[in-house]
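Below is one structure; the comments refer to it alone.
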Amino acid sequence: MNVLVTGGAGFIGSHVVDRLIEKGYGVIVIDNLSSGKVQNLNKNALFYEQSIEDEEMMERIFSLHKPEYVFHLAAQASVSISVKEPARDAKTNILGSLVLLEKSVKYGVKKFIFSSTGGAIYGENVKVFPTPETEIPHPISPYGIAKYSVEMYLDFFAREYGLKYTVLRYANVYGPRQDPHGEAGVVAIFTERMLKGEEVYIFGDGEYVRDYVYVDDVVESNLLAMERGDNDVFNIGTGRGTTVNELFHMLKEITGYNREPVYKPPRKGDVRKSILDWTKAKEKLGWEPKVPLEEGLRLTVEYFRKAVD
């Protein structure tokens, strides 16, 4: 059985690819390598260095391979870039997604599994923490707006064309292969800078709260979504909030870093507090987070220690 993974050379996507290949699927990867890396690619996957915005190329790939499942992880993933360049963000995250949805309908894809955001979608005026899926999204960044738009398009494609889908709203995902050089991915950024003995920057007062979920747990949610959770939306998080200051001190202890953080002005578009309720994912997907934050951070530091050496 052929499955298609967009963003399959990226941080989360490459881990999804590895697990699918372990399970015996034929995996086709589409990634334009804007943030993905060749070294993340599984050698047993068929790789196309293409953009999901290229309709002609997507037509060729879908017609040739006729994938039964699409895992859509390709994205412009930086909140701050989306604030500075909303049109660029929408071009990739909305229009690119629509190209994939149209091809999925045309070529009879069984199910479309979409990586959305729980961190950026609910907005600032949330009253309940951990936040359930019943909270109406009020995204404050173009990135969150784009992800929510695709969720609504999925609902339309399900009603209009019968396309099955599952939406996975991720908390802050971390782990091996996360890019330490972008603006997103605080765990990777802190870890690499600490291991190199460089200054670590915290934007704002460091009291921004996030829900950190380990990449292996996120991969498991994608695999479970193949057979469960049709036409529904699920938070994928831990229900535990950690401030950036707390995260800094945890990583400082694991890495043996001996400096204090440097505080900088806050970034636009960053939500103050985000913690996700994963009860629905447990009930309907049979999913739960298994890797505690302390253990996940140790595994991540171990990976980056080898990479830095």
Next item on the list: Tally up the carbon and sulfur contribution to the accessible surface of region 47-131 as a whole percent, 1.4 Å probe, everything protein left in place.
Entry: 54
Checklist line | region 160-237-region 90-137 distance, computed between alpha-carbon centres (Å) | finding: 14
Next item on the list: Write down the accessible area per residue of the chain in Å², having rolled a 1.4 Å probe over the full set of protein chains.
Entry: 44
Notebook entry, point to check: Taking the simple approach of a point 7 Å from Cα along Cα-to-Cβ for both residue 205 and residue 94, what is their distance in nm?
Noted result: 3.4
Checklist line | Kirkwood hydrodynamic radius of region 138-270, Cα pairs, Å | finding: 16.9
Notebook entry, point to check: How large is ³J(HN,Hα) for each residue in region 234-239, as worked out from phi by the Karplus curve 6.51 cos²θ - 1.76 cosθ + 1.60 (θ = phi - 60°), to whole Hz, x for Gly and Pro?
Noted result: 9, 6, 10, x, 10, x
Next item on the list: Using only protein heavy atoms and a 1.4 Å probe, report how much of residue 1 is accessible, in Å² to the nearest 10.
Entry: 100
Check: Under 26 Å Cα-Cα from residue 127, which lysines qualify once same-chain neighbours fewer than 8 residues away are excluded?
Finding: 147, 268, 273, 280, 282, 284
Next item on the list: Mind checking which of 175, 245, 225 is farthest towards the positive end of region 168-277's charge dipole, using Cβ charges of +1 (Lys, Arg) and -1 (Asp, Glu) about the Cα centre?
Entry: 245
Next item on the list: Kindly provide the Kirkwood hydrodynamic radius of the chain in Å, to one decimal, from all pairs of distinct alpha carbon atoms.
Entry: 19.5
Check: In square nanometres, what is the average projected area of the Cα convex hull of region 36-174?
Finding: 9.4
Check: Å³ per residue of the Cα convex hull, for region 197-274?
Finding: 123
Check: Which shape class applies to region 35-110: rounded if a/c is under 1.5, otherwise prolate when a/b exceeds b/c and oblate if not, where a ≥ b ≥ c are the square roots of the Cα gyration tensor eigenvalues?
Finding: oblate
Notebook entry, point to check: What percentages, rounded to whole numbers, describe P(r) for region 1-83 computed over all alpha carbon pairs with 10 Å bin width beginning at zero?
Noted result: 19, 53, 23, 4, 0
Next item on the list: Can you send over the carbon and sulfur percentage of the accessible area for region 145-273, probe radius 1.4 Å, protein chains only?
Entry: 46
Margin query: Restricting to DSSP H runs of at least four residues, report the calculated mean residue ellipticity at 222 nm for the chain, -39500 (n - 2.57) per run over all residues, nearest 500 deg cm²/dmol.
Written below: -11500 deg cm²/dmol
Next item on the list: Any chance you could run the full-extension gain for residue 19 through residue 33? It's 0.36 nm times the residue separation minus the Cα-Cα distance, nm to one decimal.
Entry: 3.0 nm
Next item on the list: With all distinct Cα pairs included, what does the Kirkwood hydrodynamic radius of region 230-300 come out to in Å, to one decimal, could you say?
Entry: 14.9
Next item on the list: Mind ranking 65-72, 166-173, 6-13 by how tightly packed they are, going by the mean number of other C-beta atoms within 10 angstrom, highest first?
Entry: 6-13, 166-173, 65-72
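The values are calculated or read from the model by the stated rules, or taken from the named source; none is laboratory data. Every value quoted in this text rests on a predicted model; they were computed, and no experiment measured them. Every residue, glycine among them, receives a Cβ derived from its backbone with ideal geometry; neighbour counts consider all protein chains shown. Side chains included, ligands, DNA and RNA excluded: accessible areas come from the protein's heavy atoms. Shrake-Rupley method; radii C 1.70, N 1.55, O 1.52, S 1.80 Å.
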